[in-house]
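Since every read-out is calculated from the coordinates, none of them should be taken as a lab result. From a predicted model like this one, the values you see are computed outputs, not experimental measurements. Cβ placement follows ideal geometry from the backbone for every residue including glycine, while neighbour counts extend to all protein chains displayed.
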Amino acid sequence: MTKPVPHCAKYSKALIPVMAAMLEGATSILDPFAGVGGIFKLHEYLPDAVIDGIEIEAEWASQHPCVFQGDALALPYEDNTFDAICTSPTYGNRFADHHKAKDGSKRRGYTHDIGRALHPHNSGQLYWGPKYWDFHNLAWTEALRVLRPGGRFVLNCKDFPRTKKGVTEIIRVTDWHLARLQNMGMAFVKWEKVNVTGNGHGANKKNQLNYENVILLQKGD
């Protein structure tokens, strides 16, 4: 039996009940960056919700029967299809490294895990910067297209440390996504920090943040 292709950015277990509480009552939920299907753990708390997942890489999409291979920049749904969006974008951090190590390295990354070049529309290869921002502007525009008026948007995001010339700064990925979604007309409702355990690898492992952010926004009627 072929071993499943690993994925370096699965949902942390501690996030699921927090997201589920924000989604209580939602009947149709979409994750446009579904990976290997971690979003379906929500069914433990929301058993009646219909959940769809979209993932651009076949090796990851195939690991859950309800994840469909597709493109977050061209979702295969009509306008106003879903009650809620619940998703986690890539962060533009070292997981975007393009190395394909075959030496047992503990370094993780999207390209490393899948073992080949990523699809051109996979943001996992984009470092924090203009190309990353442009991609997510398009992705959020498309996600909001399929979200019904009054629908909820649950965003899981994490900031990360970056060291240049011996100086470490925290890249505020969460603030950027929140501001962008608000600029698109989404109303901020709630922000929760959830304690998680990092992967403990990489040059900045001593500076890794031990929490992730879960933010609830709502689309206007």
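Miscellaneous remarks
- Residue by residue, region 212-217 carries 3J(HN,Hα) couplings of 10, 9, 10, 10, 10, 10 Hz when phi is fed to the Karplus relation 6.51 cos²θ - 1.76 cosθ + 1.60 (θ = phi - 60°); x denotes Gly or Pro.
- Given 131/164; 3/131; 131/165, the pairs whose alpha carbons are separated by over 25 Å: 3/131
- Cβ crowding within 10 Å ranks 22, 184 as 184, 22, fewest other Cβ atoms first.
- For residue 160, distant residues with modelled amide H under 5 Å away: 171, 173
- Overall Cα dimensions of region 15-218, principal axis frame, Å, largest first: 46, 33, 32
- Model label sites at residue 77 and residue 171, defined 7 Å from Cα along the beta-carbon direction, differ in position by 2.8 nm.
- Here the 3J(HN,Hα) profile of region 126-133, calculated from phi with Karplus coefficients 6.51, -1.76 and 1.60 at θ = phi - 60°, is 9, 7, 4, x, x, 5, 4, 4 Hz, Gly and Pro shown as x.
- For region 125-179 versus region 8-73, the gap between their alpha-carbon centres in whole angstrom: 18 Å
- Bridge type composition, the chain - antiparallel percent by DSSP, nearest 5: 60 percent
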